[in-house]
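A quick write-up on the structure given underneath.
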Amino acid sequence: MKKSPKIALIGNPNAGKSSLFNSLTGLRQKTGNFPGVTMDKLIGKWKLEKGDDASILDLPGIYSIYPKSVDEQVVINILANPEHPDYPDLAIVVADASNLKRNLLLFSQVRDLGIPTVLALNMIDVAESQGIVINSVKLARELNVEVAEVNAKKGIGLNGLRLSVNKTLESGFNSNDSLPMDYSAEMVEEVKEKYGDTDDYHALLWLSEHDNLAQFTTQQRVGFDKIQEKYNWNTQHAQSKETMARYAQLSEIVDNCLHEMPVEEEPVNTWTDKLDKVFLHRFWGYFIFLGILFIMFQAIFTWATYPSDLIDTGIAHLNDYLKTNLPPTKLTDLLTDGLIAGIGGVLVFIPQIAFLFLFISMLEETGYMSRVMFIMDKLMRRFGLNGKSVVPLISGVACAVPAIMSTRSIGSWKDRLITIMVTPLMSCSARLPIYTVLIALVVPEKSTLFGVFNLQGVALFAMYLLGFFMALLSAWVMKIIMKVREKSYFIMELPSYKSPKFSHVLLTILNSTKAFVFEAGKIIVAISIVLWVLASYGPGDSMQRVEIQVKTQNPTLSGIELTNKISSQKLENSYAGYFGKLIEPAIKPLGYDWKIGIALITSFAAREVFVGTMSTIYSLGGEANEQNSTVMKRMRAEINPATGKPMYDMALGFSLMIFYAFAMQCMSTLAVTYRETKSWKYPTIQFVYMTALAYISAFVVYQLLK
């Protein structure tokens, strides 16, 4: 059986790698992790020939093979180790045609590592709009590799790229004859003799970067240090000389293959220039960004309401149908009140998650997200954060786990640590289901501001802003505590504005929604079933005694009223009820009862579990038998026994939202904080300070509003 070739997509940041990956693989992609590293990798399938699929790996963006950040080290650990499971049979180096010389530096290094390489010239249209014309046939001849012109956004040139890849796989050509720098042949031979037979450039890479390469042991790294000392090898000096030599070589090639059309005396203002005058304005830039966020959350709340209500009502109808047509056994109760209630708690929030990622993807595809990072840089510095901290903070609106991993691009350890510690305060998509339920319960469903904006959408927007400002405030406090004095710089390339490719947007929505359903969903459903068991059984014969006691004390009750009274008392005397009552004294100052206490505890596995937990609790202990009763209706009908008024009033609703906005209730986030900091000290501090902040803030809000 013919082995499926492994192809790596390599390139500078913003060169269009991810767009090309989406165009090549479409829906045939999956997310995994690099071996030994908690960093997502995207793998897809691309049909090369009839019946022959290639495995495509999208690697993080890098500028050269000498890493300056943790995510760049991931790439080099693959390229430097031919035994690595992700080591490619072929590399497609994606280059920005409008900045060819700089992009070719990485290409020349990858090619000289002996990896069969194809050069994909992307953004040809952008280069031509700048008066740059590239003779790709001549460039292929000069570089002695296959060159393909592509437009990754529009999916143009993929057949030409496929032909280039097939030719290179057949020929196996990988490198030029000589490396463009001086080195000691004796030194390289000693490296090969001690650490494995390889080509010269791999040996030099091992010698320079052995401290960053996972393939070598501590003892081997000491051996490399001795070789460096023996031959007086200065890594920084050698890398600098190599880069200068490569640029000199590449400059000559680019001059021969690139023609710049005469430019008019008056510079032409492109659409990107005109838009940047508005979006990067020192005042209006912030105002526009807040306006976009405001509209985004208005749309999420308004548009998602209809499909969410349909799903919620459909689950309620399904439960009613099953309860009516199945025998009244514990198995039926498990199916309806445990499994289906849990699944409903997942499915009902798919529309909100989908709309959230629709907007995030659109902002990234158009190039606006990079502008947000740029204009927010000045603000970030005042709070002790690096300009690059904007990336994880914005990513935290989707999920804190990849957001924390994206801090690897921050060079300063202190800046990176502060960013890691405050990123979970950004309201992630896991909080969205909780906000939408509680806002719908306590905020009136009416329009404000001349009937244009929905009041519930305004409340949702305010919750996201609150998370952002609390993250900044916490960062400022940590800056004072840690006494950060070192200066850092934020350098990034602003891509030109582009119209989004909707197939890529839909792919992002699909992948993100699948991750929510299958990752968070598994936790929610599992906890819902466990919770059903804890809420359906109690110690000894307490449940049977409760039923007899209720009937004795309420001789006039019958039918549905008696059933509901028994269900409520059984829940209170179940294992879950005892557990909730155990913590009730601690949470009573926040306005919470023992039922909410159960939801708080289960939410520490994952915040989204709150809704599934409430659905299970109220289907077992409230008006569970009401026809078409949804979790929203059950929570709205809940009465506070102390006041005789609705349980979920303004004070309780906002107290709960504030608690969930600030509390650290995500085991995955704590795990990734440990992995990124290599210490339990920081996730422990993170858990303690966020939980304390949540408790105190919720207490203050409840006491002020009650």
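Considering every Cα-Cα pair within segment 284-482, what fraction, in whole percent, is farther apart than 32 Å?
29 percent
Relative contact order for segment 6-171: what percent, with Cα pairs under 8 Å and sequence separation of 6 or more?
So the answer I get is 23 percent.
Stick to Cα atoms and the Kirkwood definition of Rh, then tell me Rg/Rh for segment 6-171.
That ratio equals 0.94.
Output the peptides 538-549, 503-514 sorted from most to least packed, where packing is the average of other Cβ atoms within 10 Å over each peptide's residues.
503-514, 538-549
How far is the Cα center of segment 135-167 from the Cα center of segment 175-239, in Å?
What the calculation gives is 33 Å, centre to centre.
Among 683-695, 237-249, what's the highest-first ranking by average C-beta atoms within 10 angstrom per residue? Each step should come with its number before you reach the end.
Numbers: 683-695: 17.6, 237-249: 15.2.
The densest-packed peptide leads the list: 683-695, 237-249.
Put +1 on the Cβ of each Lys and Arg and -1 on the Cβ of each Asp and Glu in segment 284-482; which of Ile353, Gly314, Leu465 then has its Cα farthest toward the positive end of the dipole?
Final value for the positive-end residue is Leu465.
If r is the Cβ-Cβ distance from Arg381 to Ile156 and R0 is 56 Å, what FRET efficiency results, to the nearest 0.05?
0.85
Give the share of C-alpha pairs in each 10 angstrom bin for segment 104-197, from 0 to the last occupied bin, in whole percents, shortest bins first.
Reading upward from the zero bin: 14, 38, 27, 14, 7, 0.
For a distance above 20 Å, tell me the whole-number percent of Cα pairs in segment 185-260 that qualify.
In whole percent, the share of Cα-Cα pairs in segment 185-260 beyond 20 Å is 40.
Can you give me the Cα centroid spacing of segment 303-367 and segment 667-683 in angstrom?
Answer, in whole Å: 32.
Identify the GluC sites (Glu not before Pro) of segment 42-136 meeting these criteria: DSSP loop state and at most 13 other C-beta atoms within 10 Å of the C-beta.
Glu83
Can you tell me which of 369-378, 652-661 comes out highest on packing, and rank the rest after it, using the mean Cβ neighbours within 10 Å?
The peptides rank, most packed first, as 652-661, 369-378.
Read-outs: derived from the displayed coordinates by stated rules, not from any lab. Just so it is clear, the structure is predicted and the values come from calculations on it, not from any experiment. Reconstructed Cβ throughout: ideal geometry from the backbone, glycine too, with neighbour counts over all protein chains shown.
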